[in-house]
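Trainee: Please find one structure pasted underneath; my questions will follow.
The values are calculated or read from the model by the stated rules, or taken from the named source; none is laboratory data. Quantities reported herein were computed from a predicted structural model and do not represent experimental measurements. Cβ coordinates were reconstructed from backbone atoms using ideal geometry, including for glycine residues, and neighbour counts include every protein chain displayed. Ligands, DNA and RNA are stripped out before the accessible areas are found, and what is left, the full protein with its side chains, is counted by its heavy atoms. Shrake-Rupley method; radii C 1.70, N 1.55, O 1.52, S 1.80 Å.
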Amino acid sequence: MEFVSLKEYKSILSELSEDKTVNKYSTLLFYFTKSNKKNKIEKNIINSILSRRPKRADMYWFVNIVRTNQPYTLNYELIEIEPKKIYKIIFHIGFRIQPKTELYIKKIIHELYLSGELELKYLQPNLKKYNIDPDMKFILLQKFPSIESSLTLQELFTLKCYALIKKIEYNIVKSFGLEKNDVIIEQVPLYLHSKNKIELHRIK
């Protein structure tokens, strides 16, 4: 897993956010990251935003959940990477609490809006007068073995066991406390021992 610094990408993400030639993907766009470091996220997340069809949003949010040893801990850190554009939230949630992440996030955004720290934009400006929540999308990245990978029998067996466990484990969307309608699951390739050298010759 490769991590990158958000500071290196804040300029291009801000530029993308304001680029009206790119169709807006969502007003608020959220990614879950495994990094609890304030300025780090997975490179796969950046690739998801910028590759192929760039995902333009008014604001980009990166969310990390830390499970604590204290059963009923519930607090968060808000890191402003770029004012009113890019944020990272680190939740500290006790092991006895069933996360309701989407509700927590809506509460945070509402409080920031009331305090003047955020200026919410809407896909349809006329919705604002009816006090309807802004458009939100949550992207969950799931890995699958790339066809470029060269696997041993043991590695292939391990990956098949992992895939089976993923099928029978608890619902990941529910475990995060998200509404299904707001979630998009995106597949990303997992490269293992990739054989990039291909012996391909043109017949003259």
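Trainee: Given the condition modelled with pLDDT of 95 or more, closer than 19 Å to LEU140 by Cβ and of a type in the set (Val, Ile, Thr), answer yes or no: does some residue in the stretch 5-15 qualify?
Mentor: Looking through the stretch 5-15, none of the residues is modelled with pLDDT of 95 or more, closer than 19 Å to LEU140 by Cβ and of a type in the set (Val, Ile, Thr).
Trainee: When you look at LYS43, is it out of contact with any helix residue (DSSP H, G or I) (no Cβ under 9 Å at 6 or more places or on another chain), under 12 Å from LYS88 (Cβ atoms) and touching a residue at least 40 places away in the same chain (Cβ under 8 Å), yes or no?
Mentor: Details: out of contact with any helix residue (DSSP H, G or I) (no Cβ under 9 Å at 6 or more places or on another chain): yes; under 12 Å from LYS88 (Cβ atoms): no; touching a residue at least 40 places away in the same chain (Cβ under 8 Å): yes.
Criteria not met by LYS43.
Trainee: While we're here: Within the stretch 28-43, which residues are open to solvent by 50 Å² or more (accessible area, probe 1.4 Å) and in contact with an Asp or Glu (Cβ under 8 Å, 6 or more places away or on another chain)?
Mentor: LYS34, LYS38, LYS43
Trainee: With under 24 Å from LEU6 (Cα atoms), of a type in the set (Lys, Arg) and at pLDDT below 80 as the only criterion, which of LYS85, LYS143 stands out?
Mentor: Answer to the selection: LYS143.
Trainee: Also, quick follow-up: Answer yes or no as to whether LYS160 is among the basic types (Lys, Arg), at pLDDT 70 or above, assigned to a helix (DSSP H, G or I) and within 23 Å of the chain's Cα centre (by Cα).
Mentor: Details: among the basic types (Lys, Arg): yes; at pLDDT 70 or above: yes; assigned to a helix (DSSP H, G or I): yes; within 23 Å of the chain's Cα centre (by Cα): no.
No; evaluated as a whole, the condition is false for this residue.
Trainee: Now a separate question. Only one of (1) without any contact (Cβ under 8 Å) to a residue 24 or more places away in the chain; (2) under 15 Å from the mean Cα position of the chain (by Cα) fails for LYS55. Which number is that?
Mentor: If we test LYS55 against (1) without any contact (Cβ under 8 Å) to a residue 24 or more places away in the chain; (2) under 15 Å from the mean Cα position of the chain (by Cα), just (1) comes out false.
Trainee: Here's a follow-up. Scan the stretch 128-140 residue by residue and report those that are at pLDDT below 70 and either in a loop (DSSP other than H, G, I, E, B) or closer than 21 Å to VAL183 by Cβ (or both). Walk me through it before giving the result.
Mentor: In the first step, residues of the stretch 128-140 are kept if they are at pLDDT below 70; the result is 128-133.
Within the stretch 128-140, ASN131, ILE132, ASP133 qualify.
Trainee: If you check ILE108, ILE93, which single one turns out to be more than 25 Å from GLU2 (Cβ to Cβ), surrounded by 17 or more Cβ atoms within 10 Å (Cβ to Cβ), over 14 Å from the mean Cα position of the chain (by Cα) and modelled with pLDDT of 95 or more? Lay out the reasoning, then the answer.
Mentor: Working: ILE108 fails: modelled with pLDDT of 95 or more.
After ruling out the rest, the residue left standing is ILE93.
Trainee: Could you tell me whether SER115 is open to solvent by 60 Å² or more (accessible area, probe 1.4 Å), over 20 Å from LYS174 (Cα atoms) and at pLDDT 95 or above?
Mentor: Working: open to solvent by 60 Å² or more (accessible area, probe 1.4 Å): yes; over 20 Å from LYS174 (Cα atoms): yes; at pLDDT 95 or above: no.
Considered against the rule, which asks whether it is open to solvent by 60 Å² or more (accessible area, probe 1.4 Å), over 20 Å from LYS174 (Cα atoms) and at pLDDT 95 or above, SER115 comes out as no.
Trainee: Could you check how many residues of the stretch 31-67 are out of contact with any Leu (no Cβ under 9 Å at 6 or more places or on another chain) and either within 19 Å of PRO83 (Cα to Cα) or not charged (D, E, K, R) (or both)? Steps first, answer last, please.
Mentor: Kept after step one, since they are out of contact with any Leu (no Cβ under 9 Å at 6 or more places or on another chain), are these residues of the stretch 31-67: 33-37, 43, 47, 51-53, 63-67.
Of the ones still in play, those that are also either within 19 Å of PRO83 (Cα to Cα) or not charged (D, E, K, R) (or both) are 33, 35-37, 47, 51, 63-66.
Looking only at that region, the number is 10.
Trainee: Let me ask you something else. Out of (1) of a type outside the set (Gly, Ala, Ser); (2) in a strand (DSSP E or B); (3) over 21 Å from LEU6 (Cβ atoms), what's the single condition that is false for ASN64?
Mentor: (3)
Trainee: Being open to solvent by less than 50 Å² (accessible area, probe 1.4 Å), of a type outside the set (Ser, Thr, Tyr) and outside any strand (DSSP E or B) is the filter here, so list the residues in the stretch 67-90 that pass it. Reasoning before the result, please.
Mentor: Narrowing the stretch 67-90 to residues open to solvent by less than 50 Å² (accessible area, probe 1.4 Å): 68, 71, 73, 79, 81, 85-90.
The next check asks that each one be of a type outside the set (Ser, Thr, Tyr); those that pass are 71, 79, 81, 85-86, 88-90.
Answer for the stretch 67-90, where residues must be open to solvent by less than 50 Å² (accessible area, probe 1.4 Å), of a type outside the set (Ser, Thr, Tyr) and outside any strand (DSSP E or B): PRO71, LYS85.
Trainee: Among the residues of the stretch 24-36, are any of a type in the set (Gly, Ala, Ser), in contact with a Phe, Trp or Tyr (Cβ under 9 Å, 6 or more places away or on another chain) and under 20 Å from LEU140 (Cα atoms)? If you could, list the steps in order and put the result at the bottom.
Mentor: Taking the stretch 24-36 first, the residues of a type in the set (Gly, Ala, Ser) are 26, 35.
Now drop any that are not in contact with a Phe, Trp or Tyr (Cβ under 9 Å, 6 or more places away or on another chain), which leaves 35.
Then drop every residue that is not under 20 Å from LEU140 (Cα atoms), which leaves 35.
Scanning the stretch 24-36, I find at least one residue that is of a type in the set (Gly, Ala, Ser), in contact with a Phe, Trp or Tyr (Cβ under 9 Å, 6 or more places away or on another chain) and under 20 Å from LEU140 (Cα atoms), so the answer is yes.
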